[in-house]
Amino acid sequence: GPAFAVEGRPCAGADYDATIRRILEMLGAVPAGAVPVYATHDDEAAQFGELSATALQAKSCPGVVLDGGCRDVGFIESAGFPVFCRYATPQDSVPRWECSDWGHTVTIGGVEVATGDWLVADADGVVVIPATLRDEVLEKAVFALSQHGSDRAFQALRAYAERPDLSVDLREKTIFWI
């Protein structure tokens, strides 16, 4: 689905109410059907959990990608909401992390992801298709699907994703699928 870039930073001792209000404001700004892509710049707290997953599911978002942490993994797994993240932790981000901006371009693993770019993901990784190339790439994938089935269509997307400027090797970054 279409990416929606989110960015934040560690902020020890941040005001609890202000931090949670900012996260709620960001969740309200996520367009229906979009895939939030978080550049957290953090290695300790969980920027995503049950409440965020529930809010995004209500907006028909197909999943989330975050270069950061997730909590409430059991609940999110049972809800069937796809999460691609770098680590899991019970440590809530509020008040340790703050959401600073959204709706722009972020960089994760050296790959730029702009709001409106297209994301395709499975347990092996996430492919970023720049918005300007989306129709061309998806047309080729649909053709491959019609000729060879779903495995070949995803292989065509993977071949495209081998361009180092467009894909993140998730195993190398220890990002995992929940």
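The values are calculated or read from the model by the stated rules, or taken from the named source; none is laboratory data. Predicted, not measured: the structure shown is a model, and the values here were computed from it. We work out accessible area using only protein heavy atoms, side chains counted, and drop any ligands, DNA or RNA first. Shrake-Rupley method; radii C 1.70, N 1.55, O 1.52, S 1.80 Å.
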Item to check | Normalised contact order of the stretch 1-112, rounded percent, pairs of Cα under 8 Å and 6 or more residues apart | outcome: 39
Next on the checklist: I'd like the accessible area for Thr132: 1.4 Å probe, protein heavy atoms, all chains in place, Å² to the nearest 10.
Outcome noted: 130
Checklist outcome for this item: Over the stretch 1-88, the quotient of the Cα radius of gyration and 2.2 N^0.38 Å is 1.01
